[in-house]
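What follows is one structure encoded as structure tokens, with my remarks underneath.
The values are calculated or read from the model by the stated rules, or taken from the named source; none is laboratory data. Fair warning: this is a prediction, and the values are worked out from it, not measured in the lab. For neighbour counting, all protein chains shown are included, and Cβ atoms are generated from backbone atoms with ideal geometry for every residue, glycine included.
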Amino acid sequence: MKKIFATVTISLPVVLLILLVRMQSMGLREISPPECQVKKWDLPKSLIKQQQKMPVIIPRLAVSCCQNDPSCLDEAIYQDDNDQISDKKALLAAIDRSLGYLQTTRAVTAYQSYQVAGITRDHVFKSLRRFRELLLKTNSPAELHAAIEKEFVFYQSVGKDDKGTVLFTAYYEPLYAASRTPTAEYRYPIYRSPPDLNSWSLPHPTRLELEGPDALQGAKGKLKGLELFWFRDRLEPYLAQIEGSARIQLTDGTQTTIGYAGNTAYNYKSIGRELVNDGKLPLEGVTMPVILDYFHKYPQELNIYIPRDPSFVFFQETYGAPAQGSISVPLTAERSIATDKSLMPPGALALIRAAIPFTGTTNKMEFRIVSRYVLDQDTGGAIKGAGRVDYFLGTGKLAGDRAGVTVSNGQLFYLLLKPNN
């Protein structure tokens with residue numbers, strides 16, 4: 001999977017699910033006292049005062065769990081019967097993928113100029129390998145947490161406010177119906193990357209110039225002959241560009257996948273924000289389902305708002321391959337995150353704490369504050385700074401439903417072995 005919508009210098013796997021700047025989440029179920037939910041997890045003021053020049057992540061003591069606070073522990077690892085969240089096997093797979101990446105020359109290059117003292121590729125590799133050993137030998141969330149407290153240093157992101165506050169959103173791999181050939185029903189194409197894209201003069205053509213206001217004019221210009229698949233719905237090819245990959249159900253009954261293959265040199269422009277600016281949607285409570293509902297009611301307005309986003313993404317068929325992150329390893333649902341890789345250590349082990357939506361027994365979406373051990377395996381043109389994390393939720397409708405309403409403030413920590421371990 002590819003994240004894009006950055007400048008010409010960015011060629012990044014995986015794209016986030018942001019058709020908007022999502023401002024407010026659903027109701028949050030209180031499961032622990034306020035001092036456990038926030039104050040214990042904030043960046044300590046004493047550490048902030050000590051920093052003359054604030055680095056992006058600051059070492060601190062481990063965060064001790066409040067009594068009777070289940071949100072402090074990654075309980076999902078030991079719940080193999082829970083089909084909504086990843087289990088130990090999935091986490092081990094994600095770890096092994098990061099360990100593989102960290103042994104590549106690409107990782108060596110990425111860590112040569114990493115800006116935080118003490119964080120080296122070798123240190124990250126040894127920390128991840130030791131965490132894997134602890135994961136295999138411990139038998140409960142509390143036992144694993146205690147081992148982490150004993151052996152690891154928590155490096156906390158300074159966040160968007162230099163106090164540790166990180167905005168969490170989520171993304172997923174959608175499933176769409178499509179055709180290999182155009183028909184009266186399947187009219188809206190996605191495109192391969194032009195073989196001469198690197199020689200295109202700047203500024204690149206905008207989305208409007210490339211495909212026209214109705215997305216049907218691409219064959220009249222630079223996109224002629226580059227059509228890859230055709231979709232029924234005007235919105236679906238655009239959403240595929242937002243996500244950067246998709247699983248495709250073809251008209252002949254077979255399935256395939258597509259992944260990111262390049263983009264034009266424009267920053268992504270949120271059509272959700274445009275709807276708010278035009279007074280079509282209220283500022284409060286704008287989520288992906290709200291935006292989709294608006295365009296289902298007023299499909300003619302797709303030709304007004306989609307062309308306002310000048311960025312454009314190209315694809316390649318990946319023949320069923322799993323969605324990949326920016327470090328070129330498959331993403332793992334609930335265990336892979338995307339951050340700003342100009343700031344954060346690629347492939348590293350992290351702990352996130354945020355409100356994440358789950359479907360309850362009544363199929364109603366509810367938010368729960370959870371802690372999750374994750375691997376930093378992706379990036380995105382719209383995931384900028386120390387205060388943003390995008391959380392990968394997997395493939396299909398349920399993942400999409402959850403991703404569409406995920407927006408909450410939380411904390412991000414990187415876990416590295418203490419120097420004497």
Tell me, please, whether a residue that is part of a loop (DSSP other than H, G, I, E, B) and under 12 Å from the mean Cα position of the chain (by Cα) can be found in the stretch 369-380. yes
Check whether at least one residue in the stretch 99-106 is in a loop (DSSP other than H, G, I, E, B), modelled with pLDDT of 95 or more and either buried (at least 16 other Cβ atoms within 10 Å of the Cβ) or not β-branched (V, I, T) (or both), and report yes or no. yes
Within the bounds of the stretch 119-128, is there any residue that is in contact with a Lys or Arg (Cβ under 7 Å, 6 or more places away or on another chain), outside any helix (DSSP H, G or I), at pLDDT below 95 and not polar (S, T, N, Q)? no
So is R232 under 22 Å from N303 (Cβ atoms) and either surrounded by 14 or more Cβ atoms within 10 Å (Cβ to Cβ) or within 27 Å of the chain's Cα centre (by Cα) (or both) or not? yes
Selection within the stretch 162-221 - of a type in the set (F, W, Y) and touching a Ser or Thr at 6+ places or on another chain (Cβ under 6 Å): F168, Y186
What number of residues in the stretch 300-323 are out of contact with any helix residue (DSSP H, G or I) (no Cβ under 8 Å at 6 or more places or on another chain) and either of a type in the set (D, E, K, R) or surrounded by fewer than 23 Cβ atoms within 10 Å (Cβ to Cβ) (or both)? 10
For residues that are hydrophobic (A, V, I, L, M, F, W, C) and in contact with a Phe, Trp or Tyr (Cβ under 6 Å, 6 or more places away or on another chain), scanning just the stretch 174-226, find the one that is surrounded by the fewest Cβ atoms within 10 Å (Cβ to Cβ). L226
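Kindly indicate which of E211, E185, E236, E227 is closer than 30 Å to A355 by Cα and in contact (Cβ under 8 Å) with a residue 40 or more places away in the chain.
Going through E211, E185, E236, E227 in turn, the sole match is E236.
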With respect to I383, determine if the residue is buried (at least 22 other Cβ atoms within 10 Å of the Cβ) and of a type outside the set (F, W, Y). yes
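Quick grid of which residues meet (1) among the small types (G, A, S); (2) at positive phi:
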{"residue": "I306", "(1), (2)": "no, no"}
{"residue": "G320", "(1), (2)": "yes, yes"}
{"residue": "S326", "(1), (2)": "yes, no"}
{"residue": "V329", "(1), (2)": "no, no"}
{"residue": "Y373", "(1), (2)": "no, no"}
Just the residues that are among the charged types (D, E, K, R), in a loop (DSSP other than H, G, I, E, B) and either in contact with a Gly (Cβ under 9 Å, 6 or more places away or on another chain) or under 14 Å from D309 (Cα atoms) (or both), please, taken from the stretch 199-254. D214, K224
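Each row is one residue, and each column tells you yes or no for (1) farther than 16 Å from R192 by Cα; (2) out of contact with any Lys or Arg (no Cβ under 7 Å at 6 or more places or on another chain); (3) not aromatic (F, W, Y); (4) not assigned by TED's automatic domain parsing to the domain that holds L202.
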position: K222; (1), (2), (3), (4): no, yes, yes, no
position: L228; (1), (2), (3), (4): no, no, yes, no
position: P237; (1), (2), (3), (4): no, yes, yes, no
position: Q249; (1), (2), (3), (4): yes, yes, yes, no
position: D252; (1), (2), (3), (4): yes, yes, yes, no
position: I271; (1), (2), (3), (4): yes, no, yes, no
Go through the stretch 148-161 and count every residue that is surrounded by 15 or more Cβ atoms within 10 Å (Cβ to Cβ) and not in a helix (DSSP H, G or I). 9
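Would it be correct to say that A386 is among the small types (G, A, S), farther than 23 Å from V290 by Cα and assigned to a loop (DSSP other than H, G, I, E, B)?
Yes.
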Condition test on A355, is it buried (at least 21 other Cβ atoms within 10 Å of the Cβ) and within 16 Å of I57 (Cβ to Cβ)? no
For D278: the one exception among (1) charged (D, E, K, R); (2) in contact (Cβ under 8 Å) with a residue 60 or more places away in the chain; (3) touching a helix residue (DSSP H, G or I) at 6+ places or on another chain (Cβ under 9 Å): (2)
Give the stretch 402-419 a look and list any residue that's in a strand (DSSP E or B) and of a type in the set (S, T, Y), or say none. S408, Y414
Name every residue in the stretch 387-403 that is buried (at least 20 other Cβ atoms within 10 Å of the Cβ) and closer than 20 Å to T256 by Cβ, in order of residue number. G394, T395, A399, G400
S342 vs. criteria polar (S, T, N, Q), outside any strand (DSSP E or B) and either crowded, with 19+ Cβ neighbours inside 10 Å or not assigned by TED's automatic domain parsing to the domain that holds A62 (or both): no
Just give me the residues in the stretch 265-285 being of a type in the set (D, E), in a loop (DSSP other than H, G, I, E, B) and at pLDDT 90 or above, in sequence order. D278
Tell me which residues, restricted to the stretch 345-365, are at pLDDT below 90 and either basic (K, R) or in a strand (DSSP E or B) (or both). T359, K364, M365
